[in-house]
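J.: Have a look at this one before I ask anything.
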Amino acid sequence: MKTVTMHDTLGHLVAERPGRSLIFERWGLDYCCGGKKTLETACNEKALDVTNLLRDLKEGDTTPSALGTDWQSAPLGDLTDHITRTHHGYLREALPRLTMLTEKVLNAHGERHPELIELAALFATFRAELELHMEKEEQVLFPLIKALEVGKALPDFHCGSVDNPIRVMEKEHEDAGDALARMRSLTQDFTLPSGACNSYRAMLDALMELETDMHHHVHKEN
């Protein structure tokens, strides 16, 4: 494994060693939708000390990764099955629950916290777009990737090349990342306001868990 430099991209570094994602999350750096940025660029944008980040990455590389399989070297079919089973499965449980929570918290606290109006509307759009995104992956892109991997002849299809649906998926990943960042901003980094109920706490915990899972999910797909 080569020495990490400030010119390496976040996405490449996590693909090379998944445990680095924990460090980037601690520093507030997006390694999935922002994975094409170099360490230098990402740190400059957030006024972070790249020297200290490099030190943390070096220290982290001396401990075993707790995040399991090296998906860079795994068969693509195994990766798409893992994404469907693990991340899509998680979302199919988490998204309906979060719809209930965002609506419940809005009804209870919206008068004192008007930002909850935008949060609930933003989450509803996020959910609808993400569910459509998953369907397109499972019905179109993932089967196509599996067929290419085993060398099957592919029929003509309307989008012309696998590059086209991949570009669409990457753009949708960016949109999802923007929505997640806005949700974090609206909730003041998932901070519980004074006088909030347990449903408010549950909503913030669920949104934080969603953001973390989406970072791992989108990184693997990218």
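The values are calculated or read from the model by the stated rules, or taken from the named source; none is laboratory data. Computed from a predicted structure; not experimentally measured. Counting neighbours? That spans all protein chains shown, and the Cβs are built from the backbone with ideal geometry, glycine included. All accessible areas refer to the heavy atoms of the entire protein, side chains included, with ligands and DNA or RNA removed. Shrake-Rupley method; radii C 1.70, N 1.55, O 1.52, S 1.80 Å.
J.: Have a look at the stretch 105-222 and give its Rg and Dmax from the Cα atoms, expressed in angstrom.
T.: Calculated on Cα positions, Rg and Dmax stand at 18.4, 61 Å.
J.: Anyone know which of 91, 13, 48 comes out most mobile in the 10 Å Cα GNM of the chain?
T.: Checking each option, the largest mean-square fluctuation is seen for 48.
J.: Go ahead and run the numbers for FRET between residue 150 and residue 5, Cβ-Cβ distance against an R0 of 41 Å, rounding to 0.05.
T.: 0.65
J.: Quick check: pseudo-label points 7 Å beyond the Cα along Cα→Cβ at residue 139 and residue 22, how many nm apart are they?
T.: It works out to 3.9 nm between the two label points.
J.: Of 58/220; 2/136; 2/46; 46/104, which sit over 32 Å apart, Cα to Cα?
T.: Listed pairs above 32 Å: 2/136; 46/104.
J.: Determine the distance separating the Cα centre of the stretch 184-222 from the Cα centre of the stretch 83-136; give it in Å without decimals.
T.: After rounding, the separation between the Cα centres reads 11 Å.
J.: Report, to the nearest whole %, how much of the accessible area of the stretch 1-86 belongs to carbon and sulfur atoms, 1.4 Å probe, protein only.
T.: Carbon plus sulfur share of accessible area: 55 percent.
J.: So, for the chain, what is the accessible surface per residue at a probe of 1.4 Å, expressed in square angstrom?
T.: 55
J.: Let me ask something else. What are the extents of the Cα atoms of the chain along their three principal axes, in Å, largest first?
T.: Per principal axis, max minus min of the Cα coordinates gives 58, 46, 27 Å.
J.: With a 10 Å cut-off between alpha carbons and a GNM built on the chain, which of 194, 185, 73 moves the most?
T.: 194
J.: On the protein heavy atoms, probe 1.4 angstrom, tell me the percent of accessible surface of the stretch 107-156 carried by carbon and sulfur.
T.: C and S atoms contribute 55 percent here.
J.: Scan the chain and report its longest stretch carrying no trypsin sites (Lys or Arg not before Pro) that are both in a DSSP loop and have at most 15 other Cβ atoms within 10 Å.
T.: It runs 37-111.
J.: At 18 Å minimum axial length over the Cα atoms and a Kyte-Doolittle cut of -0.5, report the qualifying DSSP H helices in the chain, or say none.
T.: 89-109, 115-136
J.: Right, here's the next one. With the calculation restricted to Cα positions, what are the radius of gyration and Dmax of the stretch 14-54 in angstrom?
T.: Final numbers for Rg and Dmax: 9.5, 25 Å.
J.: Using 0.36 nm per residue, how much length does the chain from residue 170 to residue 78 gain when fully extended, once their Cα-Cα distance is taken away?
T.: Extra length available between residue 170 and residue 78 comes to 31.1 nm.
J.: At 222 nm, what helix-only mean residue ellipticity would the chain give, in deg cm²/dmol to the nearest 500, using -39500 (n - 2.57) for each DSSP H run of four or more?
T.: -20000 deg cm²/dmol
J.: Using only the alpha carbons of the stretch 95-145, what is the convex hull's orientation-averaged projected area in square nanometres?
T.: Result: a mean projected hull area of 3.6 nm².
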